[in-house]
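First the structure, in the form of structure tokens, and then the observations on it.
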Amino acid sequence: MTSTPARLLIIGPQGSGKGTQGARIAQALGIPAVSTGDVFRANVSEGTELGLKVKAIIDAGDLVPDELTSEIVRDRLTQTDAAAGFLLDGYPRNLGQVRDLDAFLESRGEPLTAVIELTVPREESISRLSVRAAEQGRADDNAESIAKRLSIYESETAPILDVYRDRGIVDGVDGVGSFDEITERIAAALEARGITA
Ligand code: AMP
């Protein structure tokens, strides 16, 4: 069986573990994990021009403007290590970004091949985020910002799943369990689509 190219998106509420699971799956498949949140945080901590521009937005839990975010992703996906496949984490995050990404991927004839939806009950996400706040000290893991990010997820990000569901590429994966169990569930869903290492 020829394997399907791994052009993936992992999506789930803050605290669903998508960053951890996305990194594990990308490593197993030998493709880069592209996390817009990580790109923004790295720029903030390095004090780059981009970092200075987005720091206040991120700390407040708001979304960085689509134009800027989409340009960063296009640049990243054009790099050679993403030619054989990639895993997007945290982008697209609203319908405008879906349109931007579609335009870019369609121009290359390389649409997304699977979307992993990691599902976690809201109370579980909130308690995981509080643990992360204590461990990592992320400036945006305060109560106000967490509430805003979860509400943006529900109002702006969850609707993008309908678009991808219509294309038949969404796999829902239960995000409650051990790291290994969840990684195995995702790997099994991808394998069923012919996406293997
Ligand atoms: P994350 O690590 O994915 O939770 O992202 C942390 C923060 O970075 C978000 O709360 C936003 O402020 C910003 N961010 C990350 N990805 C995006 C995106 N696709 N669009 C707009 N803002 C984003």
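The numbers here are math on the coordinates, done by the rules we state, and not lab data. Keep in mind that what you see is a predicted model, and the values were worked out from it rather than measured. Quick reminder, even Gly has a Cβ in these numbers, built from the backbone with ideal geometry, and neighbours come from all protein chains shown.
Remarks
- The number of residues in the stretch 155-195 being part of a loop (DSSP other than H, G, I, E, B), surrounded by 17 or more Cβ atoms within 10 Å (Cβ to Cβ) and of a type in the set (V, I, T) comes to 2.
- Test: residue in the stretch 93-113 that is of a type in the set (D, E, K, R) and either under 16 Å from G22 (Cα atoms) or in contact (Cβ under 8 Å) with a residue 60 or more places away in the chain (or both): yes
- Residue match in the stretch 20-36 (condition: hydroxyl-bearing (S, T, Y), in contact with a strand residue (DSSP E or B) (Cβ under 9 Å, 6 or more places away or on another chain), surrounded by 20 or more Cβ atoms within 10 Å (Cβ to Cβ) and not in a loop (DSSP other than H, G, I, E, B)): yes
- Residue within the stretch 105-119 that is outside any strand (DSSP E or B), of a type in the set (S, T, N, Q), touching a strand residue (DSSP E or B) at 6+ places or on another chain (Cβ under 8 Å) and more than 26 Å from S155 (Cβ to Cβ) present: yes
- When the residues of the stretch 52-99 are filtered to those that are in a helix (DSSP H, G or I), within 10 Å of the ligand (Cβ to nearest atom) and of a type in the set (D, E), the one that is farthest from R41 (Cα to Cα) is D66.
- In the stretch 96-124, residue surrounded by the most Cβ atoms within 10 Å (Cβ to Cβ) [restricted to those that are β-branched (V, I, T) and within 15 Å of T4 (Cβ to Cβ)]: I116
- Single residue of the stretch 138-153 satisfying the filter (touching a residue at least 60 places away in the same chain (Cβ under 8 Å) and among the acidic types (D, E)) that is surrounded by the most Cβ atoms within 10 Å (Cβ to Cβ): D140
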